[in-house]
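Shown next, in structure tokens, is the structure this report addresses.
The values are calculated or read from the model by the stated rules, or taken from the named source; none is laboratory data. This one's a predicted model, so the numbers in the text were calculated from it and none came from an experiment. We place every Cβ from the backbone using ideal geometry, glycine too, and count neighbours over all the protein chains shown.
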Amino acid sequence: MERQDVVIVGAGIFGLSIAYHILRENPGKHVTVFEKFGTCAQGNTAKSAGAFRNVFSSKTNLLLADTSIDFYMDIHRKGYDIGLEQAGYLWLMSASQIERNKTVFEGMMKEGVELKFFEKEDLKKVMPYLNTDIDPDDEEARMMGLESIEKGIQGVKCGFVDADKLTRFYEGEVKKMGGSVIYNTEVEKPLLEPKEKLGLECEPLIWQDVEITGVKLKNGHTVNADKVIIAANSWAPQILDPVGIDCMIKSVKRQMFVLRNPKLNVLTNVHGFNSMGVLPFTIFPKASVYIRVDRIEGSVWASGHEHFGAPYCFEEDPKATDEYYDYNIYQVLRKYMPIFDGLKASNKWAGLYDMNTIDANPYIFETHNVIIAVGSSGSGIMKADAVGRITAALYAGRTEAELYGGKKFKVSALGIKNRQVDAERFIL
């Protein structure tokens, strides 16, 4: 392959958004995206909940998500089928959770986040199958630490998107602009070479100045490039560790379960939250257990996770287990929504979050001629368009990126040396 202007590793939502915005700003550049899987969005993008929200306490996360959502809504209005449904997010909260997050919600609303508040009685009217009052004599509920639901807080500019269709939108636009996306081709590591070569087999030597000049593929071939961009989320450390670059993320497994049963049809006939009459993306008060209603497929997706104790561990092909659903997710669901009682998962899968464990904001930085865009922390789809624009600005050498809608963002704010972000406090 001839020398490329840009090589991007990873054809998930980050990688293809980056390719799209670089080509949009630099027509005629030779941009190639390498992907280990057989098509786009087959890594962690495809295994996500496919949801979006602008409900963040971090002003940085809020800006990244809010402008990305605006872009998605715009292309949706223009007729691109990305499966977008503005169904909302609904947090069902106990009295103690409301008290803990009171200032967080106040801060969000000051920043323009639209929230709606539902009292317990309002929730009972629109969801008669919801158990808002945990029986104090329920030994199981007491053992699980379940609390009664006091209020519902709905994020309005939130909902669902088809992760595959959204990623394919970017892929299609990249190809229209002359970019290449090469599948079934795994990158082993970046090419690390001295800036001034001596012709020795043992180069680079420890005293030589080095830089990344391309990538080495698992098939043995090498591809030279003026710039390499790593957007491979949880796989990024596997690619960068061999050349001594720390991308500052850790992987944690998340499991998803799909349920299909006529008893759950009531969740597609809920009036009071959105114009579609469907239950919003709903988060219960315990263990971040949540459900997403897929009214097209007639199914309900369910997941959840512990906030402490989950191991940081990279898995090449993570698997979901029936035990995780049976003893964790199911137990919470059946207590708060008895319509789930006795229901088993008909399908399941698992993926990885590439977690920024410090402030839960993305990392976008450059070192030794390689740009790294990682750390989606479970909200990559929500922020992907903004990440693409910021990475394109870094590639072009600009200090500011223009996000969708014209808002400016300081590129170095998501870097390492001059990082300027506020840590996310409102984490699912």
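Report, ordered by the first and then the second residue, all pairs with beta carbons closer than 9 Å, sequence separation of six or more or different chains, a first member in the stretch 359-387 that is under 15 Å from MET248 (Cα atoms) and touching a residue at least 40 places away in the same chain (Cβ under 8 Å), and a second member that is of a type in the set (Gly, Ala, Ser) and assigned to a strand (DSSP E or B).
Matching pairs, first to second residue: PRO362/ALA373; TYR363/ALA373; ILE364/ALA373; PHE365/ALA373.
Would you call TYR363 modelled with pLDDT of 95 or more and within 30 Å of VAL270 (Cα to Cα)?
On the way: modelled with pLDDT of 95 or more: yes; within 30 Å of VAL270 (Cα to Cα): no.
No; evaluated as a whole, the condition is false for this residue.
Does PHE273 count as farther than 23 Å from THR45 by Cβ, surrounded by 15 or more Cβ atoms within 10 Å (Cβ to Cβ) and in contact with a Phe, Trp or Tyr (Cβ under 7 Å, 6 or more places away or on another chain)? Outline the logic, then answer.
Numbers: farther than 23 Å from THR45 by Cβ: yes; surrounded by 15 or more Cβ atoms within 10 Å (Cβ to Cβ): yes; in contact with a Phe, Trp or Tyr (Cβ under 7 Å, 6 or more places away or on another chain): no.
Criteria not met by PHE273.
Please go through the stretch 310-323 and give me each residue that is surrounded by fewer than 20 Cβ atoms within 10 Å (Cβ to Cβ) and in contact (Cβ under 8 Å) with a residue 40 or more places away in the chain, ordered by number. Reasoning before the result, please.
Taking the stretch 310-323 as the starting set, the residues that turn out to be surrounded by fewer than 20 Cβ atoms within 10 Å (Cβ to Cβ) are 310-319, 321-323.
Passing the criteria: ALA310, PRO311, TYR312, CYS313, PHE314, GLU315, PRO318, THR321.
Residues that are farther than 30 Å from LEU267 by Cβ and outside the structural domain of PHE257 (by TED's automatic domain parsing): does the stretch 45-53 have at least one? Outline the logic, then answer.
Step one: filter the stretch 45-53 for residues farther than 30 Å from LEU267 by Cβ, giving none.
No - not one qualifying residue is present in the stretch 45-53.
Take the stretch 258-311 and flag every residue that is modelled with pLDDT under 95, of a type in the set (Gly, Ala, Ser) and out of contact with any Ser or Thr (no Cβ under 6 Å at 6 or more places or on another chain).
Across the stretch 258-311, the qualifying residues are GLY272, SER275, GLY277, ALA287, SER288, GLY298, GLY309, ALA310.
Can you name every residue in the stretch 233-251 that is under 30 Å from ARG292 (Cα atoms) and either in contact with a helix residue (DSSP H, G or I) (Cβ under 6 Å, 6 or more places away or on another chain) or surrounded by fewer than 21 Cβ atoms within 10 Å (Cβ to Cβ) (or both)?
Filtering the stretch 233-251 down to residues under 30 Å from ARG292 (Cα atoms) leaves 233-236, 249-251.
Hits for the stretch 233-251 are LYS250, SER251.
Any residue at all in the stretch 60-79 that is in contact with a Cys (Cβ under 8 Å, 6 or more places away or on another chain), under 23 Å from HIS271 (Cα atoms) and modelled with pLDDT of 95 or more?
No, the conditions are met nowhere in the stretch 60-79.
Of all residues in the stretch 173-218, which are of a type in the set (A, V, I, L, M), touching a Leu at 6+ places or on another chain (Cβ under 7 Å) and in a loop (DSSP other than H, G, I, E, B)?
Scanning the stretch 173-218 gives a single hit, MET177.
Take GLY83 and decide whether it is surrounded by fewer than 24 Cβ atoms within 10 Å (Cβ to Cβ) and in contact (Cβ under 8 Å) with a residue 24 or more places away in the chain.
Values: surrounded by fewer than 24 Cβ atoms within 10 Å (Cβ to Cβ): yes; in contact (Cβ under 8 Å) with a residue 24 or more places away in the chain: yes.
Yes.
Can you tell me how many residues in the stretch 64-123 are among the β-branched types (Val, Ile, Thr), part of a loop (DSSP other than H, G, I, E, B) and under 18 Å from GLU424 (Cα atoms)? If you could, list the steps in order and put the result at the bottom.
Going residue by residue through the stretch 64-123, those that are among the β-branched types (Val, Ile, Thr) are 67, 69, 75, 82, 98, 103-104, 113.
Still in the running and part of a loop (DSSP other than H, G, I, E, B): 82, 113.
Among the residues that remain, those that are also under 18 Å from GLU424 (Cα atoms) are: 113.
Of the residues in the stretch 64-123, 1 are among the β-branched types (Val, Ile, Thr), part of a loop (DSSP other than H, G, I, E, B) and under 18 Å from GLU424 (Cα atoms).
Check PRO27 against each of (1) in the same structural domain as THR185 (by TED's automatic domain parsing); (2) buried (at least 24 other Cβ atoms within 10 Å of the Cβ); (3) under 24 Å from LYS408 (Cα atoms); (4) of a type outside the set (A, V, I, L, M) and name the one condition it does not meet.
If we test PRO27 against (1) in the same structural domain as THR185 (by TED's automatic domain parsing); (2) buried (at least 24 other Cβ atoms within 10 Å of the Cβ); (3) under 24 Å from LYS408 (Cα atoms); (4) of a type outside the set (A, V, I, L, M), just (2) comes out false.
Run down GLU147, GLU173 and say which single residue is modelled with pLDDT of 95 or more, over 20 Å from LEU333 (Cβ atoms) and not β-branched (Val, Ile, Thr).
Values: GLU147 fails: over 20 Å from LEU333 (Cβ atoms).
Answer to the check: GLU173.
Only one of these is loosely packed, with under 15 Cβ neighbours inside 10 Å, in contact with a Pro (Cβ under 9 Å, 6 or more places away or on another chain), modelled with pLDDT of 95 or more and not hydrophobic (A, V, I, L, M, F, W, C): GLY159, GLY155, GLY178. Name it.
Details: GLY159 fails: loosely packed, with under 15 Cβ neighbours inside 10 Å; GLY155 fails: loosely packed, with under 15 Cβ neighbours inside 10 Å.
When all the criteria are applied, what remains is GLY178.
Could you check the stretch 295-316 and list, in sequence order, the residues that are under 19 Å from GLY378 (Cβ atoms) and either touching a strand residue (DSSP E or B) at 6+ places or on another chain (Cβ under 7 Å) or not assigned by TED's automatic domain parsing to the domain that holds MET144 (or both)?
Step one: of the stretch 295-316, the residues under 19 Å from GLY378 (Cβ atoms) are 301-315.
Correct list: TRP301, ALA302, SER303, GLY304, HIS305, ALA310, TYR312, CYS313, PHE314, GLU315.
Could you list all residues from the stretch 391-411 that are under 24 Å from GLY107 (Cβ atoms) and of a type in the set (Ser, Thr, Tyr)?
TYR404
Would the stretch 30-41 turn up any residue that is within 20 Å of GLY159 (Cα to Cα) and assigned to a loop (DSSP other than H, G, I, E, B)?
Of the residues in the stretch 30-41, the ones within 20 Å of GLY159 (Cα to Cα) are 41.
Restricting the remaining residues to those that are assigned to a loop (DSSP other than H, G, I, E, B) gives 41.
Yes, because at least one residue in the stretch 30-41 is within 20 Å of GLY159 (Cα to Cα) and assigned to a loop (DSSP other than H, G, I, E, B).
What tally of residues in the stretch 388-405 results from selecting those that are under 17 Å from LYS227 (Cα atoms), touching a residue at least 24 places away in the same chain (Cβ under 8 Å) and of a type outside the set (A, V, I, L, M)?
First, the residues of the stretch 388-405 that are under 17 Å from LYS227 (Cα atoms): 388-398.
With the extra rule that they be touching a residue at least 24 places away in the same chain (Cβ under 8 Å), the set shrinks to 388-392, 394-396.
The next check asks that each one be of a type outside the set (A, V, I, L, M); those that pass are 388-389, 391, 395.
Number of matching residues: 4.
Checking the condition in the same structural domain as LYS263 (by TED's automatic domain parsing), touching a Lys or Arg at 6+ places or on another chain (Cβ under 8 Å), surrounded by 14 or more Cβ atoms within 10 Å (Cβ to Cβ) and of a type in the set (D, E, K, R), which residue from LYS124, LYS120 passes? Can you show your working first?
Details: LYS124 fails: touching a Lys or Arg at 6+ places or on another chain (Cβ under 8 Å).
So the residue among LYS124, LYS120 that is in the same structural domain as LYS263 (by TED's automatic domain parsing), touching a Lys or Arg at 6+ places or on another chain (Cβ under 8 Å), surrounded by 14 or more Cβ atoms within 10 Å (Cβ to Cβ) and of a type in the set (D, E, K, R) is LYS120.
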